[in-house]
1. Being of a type outside the set (Phe, Trp, Tyr) and outside any helix (DSSP H, G or I) is the filter here; which residues of region 253-275 pass it?
2. Among the candidates 137, 158, which residue alone is small (Gly, Ala, Ser) and farther than 19 Å from residue 219 by Cβ?
3. Counting only residues that are in a loop (DSSP other than H, G, I, E, B) and crowded, with 19+ Cβ neighbours inside 10 Å, which one in region 108-125 is farthest from the chain's Cα centre (by Cα)?
4. Given (1) open to solvent by less than 60 Å² (accessible area, probe 1.4 Å); (2) more than 16 Å from the ligand (Cβ to nearest atom); (3) within 22 Å of residue 243 (Cα to Cα); (4) not aromatic (Phe, Trp, Tyr), identify the lone condition not met by residue 224.
5. Pick from 177, 193: which is open to solvent by 20 Å² or more (accessible area, probe 1.4 Å), at pLDDT 95 or above and more than 26 Å from residue 89 (Cβ to Cβ)?
6. For residues that are open to solvent by less than 10 Å² (accessible area, probe 1.4 Å) and in contact with a strand residue (DSSP E or B) (Cβ under 6 Å, 6 or more places away or on another chain), scanning just region 153-172, find the one that is farthest from the ligand (Cβ to nearest atom).
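The values are calculated or read from the model by the stated rules, or taken from the named source; none is laboratory data. Given the structure is predicted, the values throughout are model-derived calculations rather than measurements. Here the Cβ positions follow ideal geometry from the backbone for every residue, glycine too, while neighbour counts run over all protein chains shown. Calculation scope for accessible area: heavy atoms of the full protein, side chains included, ligands and nucleic acids excluded. Shrake-Rupley method; radii C 1.70, N 1.55, O 1.52, S 1.80 Å.
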Amino acid sequence: MRYFRWTAILLCLIGITACRQDTPRFRIGVAQCSDDSWRHKMNDEILREAMFYDGVSVEIRSAGDDNRRQAEDIHYFMDKGMDLLIISANEAAPMTPIVEEAYRKGIPVITVDRKILSDKYTAYIGADNYEIGRAVGNYIASRLKGKGNIVELTGLSGSTPAMERHQGFMAAISHFPEIKLIDKADAAWERGPAEVEMDSMLRRHSKIDAVYAHNDRIAPGAYQAAKKAGREKEMIFVGIDALPGKGNGLELVLDSVLDATFIYPTNGDKVLQLA
Ligand code: FRU
């Protein structure tokens, strides 16, 4: 009899613990714009940090660089009644109305890394892309000793990091009259478009001294195109992100594919703490 009583108490305790895990007190939806190693690192950091908080559950959706899919993801989270949303807007203008809609519904919204064109959100967290652009501009100008032709391959032109990385860069090189930005194209944050755009830039320009790539996927795409044309030694390649790991920015610098890369922190732990 006593044995049965203890078994019953034990089963109850297990039940309570399981119940607490099944019904979180706070549910967070994360609407990521893209699906790449930088995003994966941030997502992993968010999920690990969530484990430090009792009763917090996190669901992450990735829109694969598609504004419509990201709007659907945000609708999905609203329909599910999430308690808070974390959003990295694929492109600022198309994503603004849907983010405003969630905010007006009373859901706290944290925008991360990529901004929207409105102040209808609760908080923003991310690195200073204007400053990064400025630092790259100063670095390339000094590497070229104040004289030379630069081409710029940007991230998706409707996303705020691409806009700010360009503006900061222009501000820096404006102090060097013999440094010229001779061409600029949208490489949509990805290697494939970078290769295509660089290919046509190489045809247009007989002298390129530096390539300013908005991230470390664009930079090796540009390098590949230059290598195919037998011109990769004529210029330096500079990227942004500086991720560790196979095929990422740090390795590309160590392998002398890139001259330099600038750190763009993922900081998923800080994002979750803010949430
Ligand atoms: C990852 C990424 C990074 C870039 C950032 C800008 O999805 O493309 O490579 O630095 O987004 O938002």
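1. Scanning region 253-275 gives 255, 256, 257, 258, 259, 260, 261, 263, 265, 266, 267, 275.
2. Answer to the check: 158.
3. Filtering region 108-125 for residues that are in a loop (DSSP other than H, G, I, E, B) and crowded, with 19+ Cβ neighbours inside 10 Å, the one farthest from the chain's Cα centre (by Cα) comes out as 121.
4. With respect to (1) open to solvent by less than 60 Å² (accessible area, probe 1.4 Å); (2) more than 16 Å from the ligand (Cβ to nearest atom); (3) within 22 Å of residue 243 (Cα to Cα); (4) not aromatic (Phe, Trp, Tyr), residue 224 is out only on (1).
5. Criteria check complete, one pass: 177.
6. By that ranking, first place goes to 153.
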